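The values are calculated or read from the model by the stated rules, or taken from the named source; none is laboratory data. Just so we're clear, the structure is a prediction, and the values are computed from it rather than from any experiment. We place every Cβ from the backbone using ideal geometry, glycine too, and count neighbours over all the protein chains shown. Keep in mind that these areas ignore ligands, DNA and RNA; they rest on the heavy atoms of the full protein, side chains included. Shrake-Rupley method; radii C 1.70, N 1.55, O 1.52, S 1.80 Å.
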Amino acid sequence: MEWTAEAIRRKQKELLFPNVGTYYEQPLALESGKGMFVKDVEGREYLDFYGGILTVSVGHCNPRVTEAVIAQQKKLVHVSTLYATIPQLQLAEKVIQIRPMEEKAKAFFTNSGTEANETAVALAKEATGRQELVVLRHNYAGRSALALSMMGNKSYRPRTQSEVPGIRFAHAPYCYRCDFGLKYPDCGVACAKDLKPLIETTTDGEIAAFMAEPIQGVGGFITPPKEYFEIAVPLAREHGGLFIADEVQTAWGRTGGKWWGVQQYGVEPDIVTSAKGMANGQPIGLTLAKASIADRAKYANISTFGASPISMAAASATLGVIEEEKLMFNAQLMGKALREGLESLQQRFQAIGDVRGMGLMQAIELVKDRATKEPDPQGTARLMEAARTRGLLIGKGGLYANTLRIAPPMIVDALRLLGEALAEATRE
Ligand code: PMP
C-alpha cells in the first residue's frame, strides 16, 4: 500500500492506542527532518519550534550525532547495565565534569525521564531511610505508577491509577495565577515558605526528598521567581529531605548560558535527573547523584536497555556539539530575542495574558479576558492549528491547555545568520 497521509491516519486509528499521535486535529505524519525543519509524508515542510518535546536539542539528524550513532552501531549495540562500556564511562565522565553540585557525583543511565525519576526517588528513600516526598502542583514526572502519583495535572491522571502513598503537593511558584492571590515580590515568595507547614502538618515531619523541575515544563513553562529555590530547598533539608532537581526539560543549556536549569537559581541538587535533549532523540535517562548518596544504592541497578552504547555515543556527540558550537550562549541570545518578540506580540494581542520562560524555553498563556484571566483553551487549540497551517510547529501545555510552549532546537540561528549577512552586506 501507499503510505499517503490519509492511509496513515486510517491505520493509526485502527492499530494504535487512542491518543497516540493526535496532537493536532489532523494527525501529522512526519517522514524526515534536517536541522530546524521536518517534512511530512506529503512533502510539506515545517519549522520545528518544539523539537519533539525539547528533545532535538542540536537539530534534526545532526550530522555529528548521526555519525557517532552509525559508528557505534557498527561496533557494539547492546550489553545491558551488567557490563561497563567505554561509551558509558566517557559520557559519565563528561556529565560528572559539568555536574551542578560541588561534591563528586556518580551516574546511572536508563532510557527515559520516567526511569530517571524512579531511580532518583528510590535512591532518596534508600539513602534517607524515609518514605515521604514533596513535589509541586502542576508537576509532571512521567508515566509510571510513582510518576503518575506525583502528577500535578488532572488531565494526565488515569482514573483507575494505583496510588503510591506518601506524596504531598506544595504550592507551585506560578506567579501569574498565585494560589495566595499575592503579587511578586511583595508576596515574600509565600509559595516557597509553604514547604514548612506542608511538611509539618501532612507528613511525620521528615521527608525523603523534595523533587521539583527548575521550570515546570508540561505545567506550561512555569518559571519560579529567582529566590524560590533558595527558600524552598533549605526548608526541605531542615526536614531531612534531599533535593532532587528534575531537569528532564531544563538541562543541557536549554535555559541559556548554563548547563543546568537549577544553576539559574543558585542552589545545588543532591540528585539531578535528565533525559530528552541529552541524546538528541536517542532514548536516554540520567540519574546523577552526589557520590555519598549514590554509594548508598545497595539494590541491584539493572536495566536491560539502560546505558545503551548507541545512546551513550549519541549523548556524548550531542554534548560535544552544544559545547563546541557554543549553543548555551546561543540559547541565551536567541532566547532573549524570542522573549522580546513574544512580549511585543503581547502588546499587540489582548489574548496573551502572560509571557514567561528562560532561554529557549518560552511560553505564552492565552486568556479570554486579561482582567479575569479566564483561560482560553479553544483559542489556544485554534492557534496551534493556524501555526501548523503556516508551517510552524509549537507545543501546548498547562493545566488549562491554554499555554503555548516554544522551544526550538538550540541551533536556531536567525540572529547569527543576520549578523553574518550584515557583516557581508556592510563589509564591517
Ligand atoms: N520529567 C519531566 C519534567 C518531563 O517533562 C517528562 C516528560 N515530559 C518526564 C519527566 C518523563 O520523561 P519520559 O517521557 O522520557 O519518561
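Counting only helices (runs of 4 or more DSSP H) wholly contained in segment 294-390, the ones carrying 3 or more residues that are without any contact (Cβ under 8 Å) to a residue 60 or more places away in the chain and closer than 24 Å to L47 by Cα occupy 327-348, 377-389. Within segment 197-212, residues that are buried (at least 24 other Cβ atoms within 10 Å of the Cβ) have Cβ atoms under 7 Å from residues that are basic (K, R) in these pairs: I207/R130; A208/K125; A208/R130, counting only partners at least 6 apart in sequence or on another chain.
Pairing each residue of segment 46-62 that is over 20 Å from T255 (Cβ atoms) with any residue that is away from the ligand (no atom under 16 Å from the Cβ) and in a helix (DSSP H, G or I), provided the two are 6+ apart or on different chains, yields C-beta distances under 8 Å for Y46/R388; N62/A317; N62/V321. Segment 209-285 holds strands (runs of 3 or more DSSP E) entirely within its bounds, and those carrying 2 or more residues that are of a type in the set (G, A, S) map to 209-212. Is it the case, given these coordinates, that F221 is within 19 Å of R356 (Cβ to Cβ), open to solvent by less than 10 Å² (accessible area, probe 1.4 Å), of a type outside the set (S, T, Y) and more than 14 Å from the chain's Cα centre (by Cα)? Spelling it out, it is not the case that F221 is within 19 Å of R356 (Cβ to Cβ), open to solvent by less than 10 Å² (accessible area, probe 1.4 Å), of a type outside the set (S, T, Y) and more than 14 Å from the chain's Cα centre (by Cα). Of the residues making up segment 216-271, just one is aromatic (F, W, Y) and within 12 Å of the ligand (Cβ to nearest atom), namely F221. Out of segment 103-144, which residues are within 15 Å of the ligand (Cβ to nearest atom), under 22 Å from H171 (Cβ atoms) and open to solvent by 20 Å² or more (accessible area, probe 1.4 Å)? R137, H138, Y140 - these are the residues of segment 103-144 that are within 15 Å of the ligand (Cβ to nearest atom), under 22 Å from H171 (Cβ atoms) and open to solvent by 20 Å² or more (accessible area, probe 1.4 Å).
Conditions tested, residue by residue: (1) touching a Phe, Trp or Tyr at 6+ places or on another chain (Cβ under 6 Å); (2) among the aliphatic types (A, V, I, L, M); (3) buried (at least 21 other Cβ atoms within 10 Å of the Cβ); (4) over 30 Å from K74 (Cβ atoms).
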| site | (1), (2), (3), (4) |
| --- | --- |
| E238 | no, no, no, yes |
| Q264 | no, no, no, yes |
| A300 | no, yes, no, yes |
| T318 | no, no, yes, no |
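Of the strands (runs of 3 or more DSSP E) lying entirely inside segment 8-93, those containing at least 1 residues that are modelled with pLDDT of 95 or more and either touching a Gly at 6+ places or on another chain (Cβ under 6 Å) or among the aromatic types (F, W, Y) (or both) are 37-40, 45-48. From the list K258, K336, the lone residue that is under 20 Å from the mean Cα position of the chain (by Cα), open to solvent by 50 Å² or more (accessible area, probe 1.4 Å) and closer than 24 Å to V233 by Cβ is K258.
Which residue is nearest to G241 (Cα to Cα), if the candidates are limited to segment 145-166 and must be within 15 Å of the ligand (Cβ to nearest atom) and touching a strand residue (DSSP E or B) at 6+ places or on another chain (Cβ under 7 Å)? Of everything passing the filter in segment 145-166, M150 is nearest to G241 (Cα to Cα).
Out of all the residues in segment 67-102, which are open to solvent by 70 Å² or more (accessible area, probe 1.4 Å) and among the hydroxyl-bearing types (S, T, Y)? Answer for segment 67-102, where residues must be open to solvent by 70 Å² or more (accessible area, probe 1.4 Å) and among the hydroxyl-bearing types (S, T, Y): just Y83.
Tell me whether segment 300-320 contains one or more residues that are in contact with a Lys or Arg (Cβ under 7 Å, 6 or more places away or on another chain) and within 16 Å of the ligand (Cβ to nearest atom). No: zero hits. Among the residues of this structure, V38 counts as one that is open to solvent by less than 40 Å² (accessible area, probe 1.4 Å), more than 16 Å from the ligand (Cβ to nearest atom), in contact with a Phe, Trp or Tyr (Cβ under 6 Å, 6 or more places away or on another chain) and over 30 Å from E268 (Cβ atoms). Taken together, the residues in segment 272-292 that are more than 13 Å from the ligand (Cβ to nearest atom) and either open to solvent by less than 10 Å² (accessible area, probe 1.4 Å) or under 22 Å from M328 (Cα atoms) (or both) amount to 3. With the checklist (1) more than 21 Å from the chain's Cα centre (by Cα); (2) open to solvent by less than 40 Å² (accessible area, probe 1.4 Å) in hand, flag the one item F17 doesn't pass. So F17 meets the others, but not (2).
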